Amino acid sequence: MAYPFADLALARRLERTEGVANQRLVDARARLSPERGACWMEAGGAFAMFDGAASPLTQTFGLGLFETPTDDILTRLETFFRERSAPVSHETSPLADAALMPLLVARGYAPSELSSVTFRPIDRNLTLASPNPSVSVALVEGADDERWAKTAAEGWSEFPGLGEFMLDIGRVQAAARDTYRFLATAGGRAIAAGALIVHEGVGLLAGASTVPDARRQGAQLALLDARLRFAAEKGCDLAMMVALPGSGSQRNAERHGFRIAYTRIKWQRP
C-alpha cells in the first residue's frame, strides 16, 4: 500500500476528520444534557467546540488550514469562547498557513501542548501481527453501550478523577453519530475498549484503553486489527491516530505501520 505524502491535502483530511468527530460529540452532548449549552460554530474553516469551560473538547480544529487566518477570524472564535466563559484553545497543524503562528503570538497566545498525528493506508487485505486467539473483539451496540463506557473508563482508573471523566465521555460517544465502539473480552470478561470514527474515507482510532490487570494480553492489538478492518469495510483508505510525542501509544502505532504526519501544537491565550 502506498503512503500519501504528508502535505497540506493530507493535513486537511486528518484535521477535518478529528474536527468532525468532536463536532459529533458536542451534538450528542447537546441532546443528552441540553442544560450544559454544548454547541459549535465554524469560522475561517475552523470548527470551534464548546462542551463546558473545563472540557478538553472545548477548543478549535483546522485553524489556518482551509482559509488564510485573519484578526477578524480570531476575534470571532475568541468571542465564541468568551461568551461562554471558556478558555480559548486552538489545536493547530504545522501545515497551516504561514500567517497563523505570528498572528497567534501577536495576540498573546502561547504553546501549551504537543501531539503526534499519525496515519497509515488501509484496505480490505490489511494484515497485522496475529492477535491473541483468547481475546475476542466485537462491535458494541445498544444494550452494551454502558458496559463499553465502564470498561473504557476502568482503563484510566489509575489516574485520580480521569476514570470518572472518561466514563462521562464514553456515554457521550455512545450517542454520537457514526462512532463505532469495540469491546475486547477474554474468558467472557470485558478487558479493553476502543472507538472508531469514520469521515470521508478516514478512520479515526480513539478512546483505546485496557483495564490495568488485563494488560499485556494483546487486547489493544486485537482492537486495532478489528477497527482497521472495519474501517476498510466502510470504505476508508486511511486510518489516523493521535498520541503524545514519544509515548508508548505512538510507538505502538509505529510498530503497526503508522507514520507521523506532523506534530500538532495547542495554543492557549491567558
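The values are calculated or read from the model by the stated rules, or taken from the named source; none is laboratory data. Since the model is a prediction, treat every value here as computed from it, not as a measurement. Note that we place each Cβ from the backbone using ideal geometry, even for glycine, and neighbour counts take in every protein chain shown. When the accessible area is computed, the model is the full protein with side chains, heavy atoms only, and any ligands, DNA or RNA have been set aside. Shrake-Rupley method; radii C 1.70, N 1.55, O 1.52, S 1.80 Å.
The GNM of the chain, with springs linking C-alpha atoms under 10 angstrom apart, assigns the highest mean-square fluctuation among SER89, SER116, SER33 to SER33.
Using +1 at the Cβ of each Lys and Arg and -1 at the Cβ of each Asp and Glu in the chain, identify which of VAL198, GLY187, ALA106 lies farthest towards the dipole's positive end. Comparing the listed Cα positions along the dipole, GLY187 ranks first. ALA2 sits among other residues whose Cβ lies under 13 Å from its own Cβ, and their net charge, with Lys and Arg +1 and Asp and Glu -1, is 0.
Under the combined filter of DSSP loop state and at most 13 neighbouring Cβ atoms within 10 Å, segment 41-101 retains these GluC sites (Glu not before Pro): GLU83. Per-residue ellipticity at 222 nm, computed for the chain from helices alone with -39500 (n - 2.57) per DSSP H run of at least four residues, works out to -10500 deg cm²/dmol.
For the residues THR58, THR79, THR92, a GNM of the chain with alpha-carbon springs under 10 Å puts the largest fluctuation on THR79.
DSSP bridge analysis restricted to the chain gives an antiparallel fraction near 90%, rounded to the nearest 5.
Expressed as cubic angstrom per residue, what is the convex hull volume of the alpha carbon set of segment 181-270?
Here the figure is 137 Å³ per residue.
The largest-to-smallest principal axis extents of the Cα set in the chain are 56, 45, 30 Å.
Measuring nothing but how far apart in sequence close Cα pairs (under 8 Å, 6+ apart) lie, relative to its length, the chain scores a relative contact order of 24 percent. GNM on the chain, alpha-carbon springs under 10 angstrom: the most fluctuating residue among GLY218, GLY142, GLY170 is GLY142. Taking all protein chains as they are arranged and a probe of 1.4 Å, the heavy atoms of ARG227 leave approximately 10 Å² accessible to solvent. Binning all Cα-Cα separations of segment 151-203 at 5 Å, short to long from zero, yields these whole-percent fractions: 5, 19, 22, 23, 17, 10, 3, 0. The residues MET101, MET49, MET41, sorted by heavy-atom accessible surface at 1.4 Å with ligands and nucleic acids left out, run MET101, MET41, MET49 from largest to smallest.
Using the Cα coordinates of segment 101-199, the gyration tensor eigenvalues translate into equivalent-ellipsoid semi-axes of 31, 21, 14 Å, sorted from longest to shortest.
Hey, any idea what % of segment 47-107's accessible area is carbon plus sulfur with a 1.4 Å probe? Walk me through the intermediate numbers first.
Working: 1370 of 2400 Å².
Of the solvent-accessible surface of segment 47-107, carbon and sulfur hold 57 percent.
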